[in-house]
Amino acid sequence: MESSGHDVYNRGQDIDRALPANNDEAAEKKAQLVEIMPGKGSGQLEKRVLRFLDQKEIKGLYDSIEKNSHNFGRVVVNFRWR
């Protein structure tokens, strides 16, 4: 039986791998908007997403991040491509 903490750890590793790949795909396609759905849960996965997006080399790629207070578990990134 897996504990929920173990699930979060595994999903966190998945997010750590998926975010750079997602970012690369957005750049390749020049996507203007990317929606990331870490889910509701305890908020730990969303915090990981926000920490990733707050990195200096990533932060320079987008104009804004939207977190909808009515739809927890969803982060929208508005990119700017030159």
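The values are calculated or read from the model by the stated rules, or taken from the named source; none is laboratory data. Everything numeric here is computed off the predicted structure, so don't read it as measured data. Because the Cβ atoms are built from the backbone with ideal geometry, glycine has one as well, and the counts that use them run over all protein chains shown. The area values use the complete protein model at the heavy-atom level, side chains included, leaving out ligands, DNA and RNA. Shrake-Rupley method; radii C 1.70, N 1.55, O 1.52, S 1.80 Å.
So, taking all protein chains as they sit and a 1.4 Å probe, how much accessible area belongs to Val49, in Å² rounded to tens?
0
Which FRET efficiency value, to the nearest 0.05, do you get for Arg51 and Trp81 by plugging their Cβ-Cβ distance into 1/(1 + (r/R0)^6) with R0 = 25 Å?
0.65
For a protection proxy built on the mean count of beta-carbon atoms within 10 angstrom, sort 59-67, 14-22, 38-46 highest first, please.
Numbers: 59-67: 12.1, 14-22: 13.8, 38-46: 15.7.
Answer by packing, highest mean first, reads 38-46, 14-22, 59-67.
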